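> Have a look at the structure that comes next, please.
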Amino acid sequence: MKVYVIGIGLIGGSMVLDIKDQHRDATIFGIDSNEKHLQEAIDLGVIDQAGSFEELADADFVIVSVPVDVALIVLPKVLDLVGDKTIVFEVGSTKKPICDAVASHPKRRNFIATHPIAGTEFSGPSAAIRGLFKGKTNIICEVEKTTFKLQEKALKLFSEIGMRIRYMDPTSHDKHIAYVSHLSHISSFMLGKTVMNKEKDEQDIFDMAGSGFESTVRLAKSSPAMWTPIFKQNKEHVIETLEEYISNLSRFRDLLKDENYNAIFEEMESTNKIKEILNGLTTTKK
Ligand code: NAP
């Protein structure tokens, strides 16, 4: 079994670590524009060796795991080169622009559009970890556009690394993910910025920050190189979520100005039901 991963960072790297655990006979080839990452991935045992685009005709699986703007360019090039038995999947955080980019490609049927809902705030091959996808959801878009046999091959692999599948159309994916992922990142980045701007003495922040602050601001450590193209590609949905969020923040500020503490209490109390929703999610994922 030959697996090629293009972009050996957190997601691509974690995925091939799990695949290798399930298929000891597999050879994992890495392709990355960053030579340092390529060498690091070999040294860390994330990949077996460096590969090249010219070899893709012979690949069983090709995982495209690069920033979403790069995926628009790399994915059609990969499809140009793969053989009939190759299944290509891409793991980017936006789906509509990616699906559109290959909609009329002659090898569209060799491609399956995915978004594994798993990750951390770290990047590069050193961020790759085993078991990242266990119990997590993999969103698959436009599955009917992938050859049935290759769908089965991909689904088997996703199941082997512990993922649950959810099917969705690309526009719905981009709309919903703007709320649960893209907005959370902006909120975390801007919270980090607000605190840093006001608290110039970083030592004070460090001394006073509790675990609440740390967990809320965790996503502000994420890579701008990865997130800028995501916001660009999902601009309309992200703006929609931001307007709702800003309106909620403004309302909270106004209630405080008006000393309407009953309303403030109710705002928080009604939002407390997020506990049950999140608990429900954890339970169904087990
Ligand atoms: P990452 O850790 O930064 O890895 C991406 C790798 O691709 C880096 O080594 C990067 O090198 C390399 N790269 C950039 N341009 C390239 C090119 N033209 N050709 C080949 N390699 C190239 O990023 P990641 O977090 O794994 O994210 C990869 C994809 O997964 C993104 O599309 C992202 O939207 C998606 N995703 C991320 C998460 C998450 O939580 N991070 C979750 C689900 C899905 P440089 O560092 O030098 O640019």
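> Among 202-214, 6-18, 255-267, how do they line up by average Cβ neighbours within 10 Å per residue, starting with the highest?
Working: 202-214: 9.9, 6-18: 26.2, 255-267: 11.9.
Highest mean packing first, the order is 6-18, 255-267, 202-214.
> Using only the Cα atoms of segment 198-286, what do you get for the radius of gyration and for Dmax, in Å?
17.4, 45
> Something else now. Determine the alpha carbon to alpha carbon distance for each of Lys96/Lys273; Lys2/Lys175; Lys20/Lys149; Lys175/Lys221 and list only those over 27 Å. All intermediate terms of the calculation are to be shown ahead of the outcome.
Values: Lys96/Lys273 31 Å; Lys2/Lys175 35 Å; Lys20/Lys149 22 Å; Lys175/Lys221 24 Å.
Check vs 27 Å cut-off fails for Lys96/Lys273; Lys2/Lys175.
> Among Ala154, Leu56, Gly7, whose Cα sits farthest toward the positive end of the charge dipole of segment 2-169 (+1 at Cβ of Lys/Arg, -1 at Cβ of Asp/Glu, about the Cα centre)?
Ala154
> Sort Asp48, Asp100 so that the residue with the fewest other Cβ atoms within 10 Å of its own Cβ comes first and the one with the most comes last.
Fewest-to-most ranking of Asp48, Asp100: Asp100, Asp48.
> Could you calculate the contour length gain from Ser52 to Glu144, that is, 0.36 nm times the residue separation minus the distance between their Cα atoms, to one decimal place in nm?
Numbers: separation 92, 0.36 × 92 = 33.12 nm, distance 2.95 nm.
Full extension of this stretch gives 30.2 nm more.
> Residue separation times 0.36 nm, minus the C-alpha to C-alpha distance between Phe265 and Lys200: what's the value? Intermediate results must be reported in sequence, preceding the final value.
Details: separation 65, 0.36 × 65 = 23.40 nm, distance 3.18 nm.
Full extension of this stretch gives 20.2 nm more.
> Convert each backbone phi in segment 133-150 into a coupling constant with the Karplus relation 6.51 cos²θ - 1.76 cosθ + 1.60 (shift: θ = phi - 60°), then list the ³J(HN,Hα) values in order as whole Hz, x for Gly and Pro.
With coefficients 6.51, -1.76 and 1.60, one gets 9, 4, x, 9, 9, 10, 8, 10, 10, 6, 4, 5, 8, 9, 3, 4, 4, 6 Hz.
> A further question on this structure: Is there a quick way to get the dipole size of segment 173-285? I mean about its Cα centre, with the Cβ of Lys and Arg at +1 and of Asp and Glu at -1; what is the value in debye to the nearest 20?
On the way: 14 positive and 18 negative charges, 102 e Å.
Dipole magnitude for segment 173-285 comes out near 480 debye.
> Determine, for Thr216, Thr194, Thr94, the number of other Cβ atoms within 10 Å of each Cβ, and report the residues in order from fewest to most. Could the numbers behind the result be given before it?
Values: Thr216 15, Thr194 11, Thr94 25.
Lowest count first: Thr194, Thr216, Thr94.
> Could you give the dipole magnitude of segment 2-169 about its Cα centre, charging the beta-carbon of Lys and Arg +1 and that of Asp and Glu -1, in debye to the nearest 20? Intermediate values should be presented prior to the final figure.
Values: 20 positive and 23 negative charges, 131 e Å.
That gives segment 2-169 a dipole magnitude of about 620 debye.
> So, how do all the Cα-to-Cα distances of segment 216-258 break down into 10 Å bins, in percent, from 0 on up?
Whole-percent P(r) values from 0 Å outward: 24, 34, 31, 10, 0.
> Given R₀ = 41 Å, FRET efficiency for Ser104-Ile239 by Cβ-Cβ distance, to 0.05?
Working: r = 29 Å, r/R0 = 0.70.
Using R0 = 41 Å, I get an efficiency of 0.90.
> Hey, another quick one. If you stretched the chain out fully between Ser250 and Ser181, how much longer would it get, using 0.36 nm times the residue separation minus the C-alpha to C-alpha distance? Walk me through the numbers on the way to the answer.
On the way: separation 69, 0.36 × 69 = 24.84 nm, distance 2.15 nm.
Between Ser250 and Ser181, full extension yields 22.7 nm more.
> Before rounding to the nearest 500, sum -39500 (n - 2.57) across all DSSP H runs of length at least 4 in the chain and divide by the residue total; then give [θ] at 222 nm in deg cm²/dmol. All intermediate terms of the calculation are to be shown ahead of the outcome.
Values: 13 runs with 149 residues, N = 286.
Theoretical 222 nm ellipticity from helices: -16000 deg cm²/dmol.
> Regarding segment 15-149, what's the average projected area of the Cα-atom convex hull, expressed in nm²?
Working: hull surface 32.3 nm².
About 8.1 nm², averaged over all directions.
> Here is a further query. For a Förster distance of 25 Å, can you work out the FRET efficiency between the beta-carbons of Ile274 and Asp207, rounded to the nearest 0.05?
Details: r = 30 Å, r/R0 = 1.19.
Plugging the Cβ-Cβ distance into 1/(1 + (r/R0)^6) gives 0.25.
> Cα atoms only, the chain: Rg and Dmax in Å?
21.0, 68
Just so you know, all these numbers are worked out from the coordinates, no wet-lab data involved. Remember, it's a predicted structure, so these values are computed and weren't measured experimentally. Cβ sites come from the backbone with ideal geometry, for glycine too, and all protein chains shown count toward neighbours.
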